[in-house]
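S.K.: This structure is in structure tokens; I'll ask about it shortly.
The values are calculated or read from the model by the stated rules, or taken from the named source; none is laboratory data. Remember, it's a predicted structure, so these values are computed and weren't measured experimentally. Here the Cβ positions follow ideal geometry from the backbone for every residue, glycine too, while neighbour counts run over all protein chains shown.
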Amino acid sequence: MPGETGQALRIRRNNERYCMMKHVSVPRLLQTTLMSCVVTTAVYAQAQVRPLTGDAELFVDDVAIQQSSGLQRTLHQAEKLEQPVLKPDKPWEKGRIYIYGTVHRDPQTGKFRMWYSGGGLAYAESDDGVHWVKPELPYVQRDGQPTNVLLEGSNVCFVIIDPHAAEPDKTYKALDNTGHFNFNGFYSADGLQWHAYDKSPLVPYGSEISNGMRDPQTGLYYVYIRPYLPKFFPKDNTQKRLVAVITSPDFVNWSEPKLIIEPDRVDDAWVNDEVQRTEFYGMSGFPYGSQYLGLLPVFRITTIQEKTEPLMSRYEGPIDAQLVFSRDGLTWHRTEDRTPVIPTGPHAYDAGCIMNVSSKPVIFNDQIYYYYTALSTTHGGKVPEKVASIALARWRLDGFVSLDAEQAGMVETTAWSSGGGLLIVNANAAGGRIVVSLLDPATGNPLPGYSAADCQAITTDDVRHQVRWTSHETLPSDRPFRIRFELQPASIYSYHEAMKEERP
């Protein structure tokens, strides 16, 4: 088109190629400003129809977007509390605790459970996710007294909860960094009393940091590691911290590491000399809605200093956390906008580093609760100024990313099929409005009774708007459709199908 820049031309051509695909196999890179694509009725007829489910469809990537205009994609930074939720206040924690671990909310009791690093694999509980208790437990004692430590000497340990485990005594599984860049494995029936796997080390690949999950689609275990193994990733003074993945069908036999994310020129655009560089301190990866999301702690090494005191690192610089995304848990993508979703500050407790994050978020009270290691100084800071605590980051439900219209905009989805349920939309239309229409994939015309004129406009802020039309409250189950959202002005976060009315 006349006047297009090289960047705009590249985006438009990518969109056109995407619209001509018969089905989606790999997500495209997220674009900050969404571009319209020109399609034909023949293309509509070729589009793959996928079932709309109860899993939230987010707008983190463009996989389910057919076309759009007038919208901006926005990354949202977390809300923080004035203080950390867990501080190193026990003698065995020695002034530092880390969420190289997992937070889980028990669906039966509603209780929050946290496994963290604090003088070993330690444990805490909470009723609300903010106020935590470190219970006295009999598993590891100090000076003859009970502690909240479950495993002695554990360094970095995350937990996978598998309620459908074939062996109930292995409902909880954990990998523990042994301090020798290998991982030992543990299992538990209740998450408190742990037993070691016979095989040691369970994972013989060099790594310092790990986070993992059991993939709900394949049943495989995915673990994201920071590899230090010369056979795969040679390490010397210039080798960067990277992110790799290993997989297993049974948590015992593991694949070789596969590199998935490494710093690029964009990450190093700030660098001024040969010492400075960007590295990745670790990565979480977890299922969210219909896809996978992750948080990536980005470490900018500003200097390499002489280590003069205990607990002081030679590598100095800040760390913050960025959003990454995937459609299969194995192939990961960066956002074009690399603004951190958990930045450092403004509080003193995390002014220096967002050092690591829990292996997964918790959904509670229509919010995303995500726990992270907060460092009061940059990575190379000195004790006692350097304090490591555990803090809470929060977003609205599905609130990592939104599509925003400052005046008027629209987005049309790819083709869906429905079980005849309700269309639920997470959006903020306070001060504006959103109308929704369903389109025939073959013609692009509104289905009878499902036009924008038939829609009862959304005009408030809610995570669960039920879309209604004059003569319809449910989605059609006898034909495929695309969904067209028209925003003026408003923000939309996600949508999904519900088989009954959803309210808190």
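S.K.: Select from the stretch 480-501 the residues that are surrounded by fewer than 15 Cβ atoms within 10 Å (Cβ to Cβ) and out of contact with any Gly (no Cβ under 7 Å at 6 or more places or on another chain) and list them in ascending order.
M.R.: K500, E501
S.K.: Let me spell it out: the conditions are (1) in a strand (DSSP E or B); (2) closer than 23 Å to I368 by Cβ; (3) not hydroxyl-bearing (S, T, Y), and L259 meets all of them except one. Which number is the exception?
M.R.: Here L259 clears every test but (2).
S.K.: Residues in the stretch 253-262: is at least one among the charged types (D, E, K, R), farther than 19 Å from V223 by Cα, modelled with pLDDT of 90 or more and surrounded by fewer than 20 Cβ atoms within 10 Å (Cβ to Cβ)?
M.R.: Checked the stretch 253-262: no residue is among the charged types (D, E, K, R), farther than 19 Å from V223 by Cα, modelled with pLDDT of 90 or more and surrounded by fewer than 20 Cβ atoms within 10 Å (Cβ to Cβ).
S.K.: Between a residue in the stretch 443-455 that is small (G, A, S) and any residue that is part of a strand (DSSP E or B), which pairs come within a Cβ distance under 7 Å, given they are 6 or more apart or on different chains?
M.R.: Correct list of pairs: G449/W469; G449/H472; S451/S437; A452/V435; A452/S437; A452/E486.
S.K.: Going by the structure shown, is T247 assigned by TED's automatic domain parsing to the domain that holds T302, in a strand (DSSP E or B), modelled with pLDDT of 90 or more and more than 12 Å from M283 (Cα to Cα)?
M.R.: Taking the combined requirement at face value, the residue satisfies it.
S.K.: In the stretch 67-107, which residues are of a type outside the set (K, R) and over 24 Å from the mean Cα position of the chain (by Cα)?
M.R.: Hits for the stretch 67-107 are Q67, S68, S69, G70, P88, D89, P91, W92, E93, G95.
S.K.: Also, quick follow-up: Out of all the residues in the stretch 105-144, which are part of a loop (DSSP other than H, G, I, E, B) and of a type in the set (V, I, T)?
M.R.: T109, V130 - these are the residues of the stretch 105-144 that are part of a loop (DSSP other than H, G, I, E, B) and of a type in the set (V, I, T).
S.K.: I need the strands (runs of 3 or more DSSP E) fully contained in the stretch 403-449, keeping only those with at least 2 residues that are over 15 Å from L52 (Cβ atoms), within 30 Å of the chain's Cα centre (by Cα) and not polar (S, T, N, Q).
M.R.: Per the criteria, 409-413, 433-439.
S.K.: Name every residue in the stretch 129-166 that is at pLDDT below 95 and of a type in the set (D, E, K, R), in order of residue number.
M.R.: R142, D143, E152, D162
S.K.: Still on this structure, I have one more. Collect the residues in the stretch 288-303 that are more than 11 Å from the chain's Cα centre (by Cα) and surrounded by 16 or more Cβ atoms within 10 Å (Cβ to Cβ), keeping them in residue-number order.
M.R.: S290, P297, V298, F299, R300, I301, T302, listed by residue number.
S.K.: Report yes if L475 is part of a strand (DSSP E or B) and modelled with pLDDT of 95 or more, otherwise no. It would help to see each step written out before you state the result.
M.R.: On the way: part of a strand (DSSP E or B): no; modelled with pLDDT of 95 or more: yes.
It is false that L475 is part of a strand (DSSP E or B) and modelled with pLDDT of 95 or more.
S.K.: Moving on to the next point. May I ask you to list pairs of residues, at least six apart or on different chains, whose Cβ atoms are under 6 Å apart, with the first in the stretch 145-172 being touching a residue at least 24 places away in the same chain (Cβ under 8 Å) and assigned by TED's automatic domain parsing to the domain that holds W92 and the second being in a strand (DSSP E or B) and surrounded by fewer than 18 Cβ atoms within 10 Å (Cβ to Cβ)?
M.R.: N148/L137; L150/Y139
Per-residue answers, yes or no, for (1) closer than 19 Å to L137 by Cα; (2) surrounded by fewer than 17 Cβ atoms within 10 Å (Cβ to Cβ):
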site	(1), (2)
C157	yes, no
T171	no, no
L175	no, no
N182	no, no
F186	yes, no
W194	yes, no
K199	no, yes
L202	no, no
E208	no, no
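S.K.: Suppose we keep only residues that are assigned to a strand (DSSP E or B) and under 29 Å from the mean Cα position of the chain (by Cα) within the stretch 145-163. Which one would you say is farthest from Y222 (Cα to Cα)?
M.R.: V149
S.K.: Here's another thing I want to ask about it. Only one residue in S376, S389 is at pLDDT 95 or above, closer than 24 Å to R241 by Cα, buried (at least 23 other Cβ atoms within 10 Å of the Cβ) and of a type outside the set (V, I, T). Which one?
M.R.: Just a single option satisfies the conditions, and that option is S389.
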